[in-house]
1. Nothing charged except the Cβ atoms of Lys and Arg (+1) and of Asp and Glu (-1): what's the magnitude of the dipole of the chain about its Cα centre? Round to the nearest 20 debye.
2. Which residues' amide hydrogens lie under 5 Å from the amide hydrogen of I163, considering only partners 5 or more residues apart or on another chain, with H built in the peptide plane?
3. Pull up all non-local amide H partners of L229: gap of 5 or more, or a different chain, and H-to-H distance under 5 Å with H placed in the peptide plane.
4. Taking square-rooted eigenvalues a ≥ b ≥ c of the alpha carbon gyration tensor, is the range 141-234 rounded, prolate or oblate, where a/c under 1.5 means rounded and, failing that, a/b exceeding b/c means prolate?
5. For the range 158-256, what is the accessible area per residue in Å², given a 1.4 Å probe and the full set of protein chains?
6. Rounded to a whole number, what % of the accessible area of the range 29-119 do carbon and sulfur atoms account for, probe 1.4 Å?
7. For Cα extents along the principal axes in Å, the choices are [x] 48, 42, 35; [y] 65, 41, 27; [z] 55, 43, 32; which was calculated from the structure?
8. When Lys and Arg each count +1 and Asp and Glu each count -1, what net charge do the other residues less than 12 Å away from P72, Cβ to Cβ, add up to?
Amino acid sequence: MPLSATASPAASSTDLLPRRGGVCAIHQPNFLPRLSTLAKIFAADYWIVLDDVQFARRDYQHRARIAPLDRPDRQHWLSLATQLPNGRATLIRDARLIDPQHSRHQTAQAVRHCYRRSRHWRHVSDVLDRVLTAFTNSDRTWVVAEDSTRALLDLLGWQGRTIRSSQLPARSERSQRLADLATVTGATTYLCGPGGLRYLDHGPFNAAKVPVEPFLTPSEGLWSDSRRLSALHTLSVLGAAGFAGALAETARRPAS
């Protein structure tokens, strides 16, 4: 079955695609992403931002868990009030912030309250400034979420690329979509976290000859809450250099 022509000719140009042969991660744009999510993207050569699937209010697309620097057990939600123009069927790319300036103020206050006493506050502040600028530039929730992830990745020295799934042709079935996106971008390996491994059908990947590589993080120390707490917390503890080193050690790459 051929791929559906969902992308425009301009969006499908070869200029959009990374060099063939890379390791890819595919994930929805998450606001101030969890440590586990950021680590998976950091380990990849490129990130396909999954922006043309259904928005999920109970996911991390518009919210993050943060906690006081010295009390990671006292986590609370930092949420962006988001409107879904098409109800539950709204795609991530169509979700809108109800009041961008209020969300901007709320985010600034919450992050400063939790992390301004960190000795690495300058690094946290650099990420926060990028996020606050995103609120000014767009009322789209995904834009702020993607920019928050890119701000962290850039600070940590990630050299990869981002591509949005809405710019690429892919079929609609869940696992088939992921396999199509990996294939059309020339991936040699698809990194899959533990959540994805629970539902992933390996059949489409086997058919496309794209190996699925499980991406697992440690379970102790700073990683003990990696699937709940925002990576911003880890940045406040380790600073940019220490954080980048921890991610580099954790990266799972297939043998060449």
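1. Values: 33 positive and 22 negative charges, 83 e Å.
Dipole size: approximately 400 debye.
2. It is W47, I48, V49, by chain and number.
3. When sequence neighbours closer than 5 places are left aside, the close amide H contacts are L35.
4. Numbers: a/c = 2.06, a/b = 1.39, b/c = 1.48.
The shape class here is oblate.
5. 46
6. Reported share for carbon and sulfur atoms: 43 percent.
7. [z]
8. Computed value for this residue: +1.
The values are calculated or read from the model by the stated rules, or taken from the named source; none is laboratory data. Bear in mind the structure is a predicted one, so any value in this text is a computation, not a measurement. A quick note on method: Cβ atoms are made from the backbone with ideal geometry, for glycine too, and the neighbour counts reach across all protein chains shown. Calculation scope for accessible area: heavy atoms of the full protein, side chains included, ligands and nucleic acids excluded. Shrake-Rupley method; radii C 1.70, N 1.55, O 1.52, S 1.80 Å.
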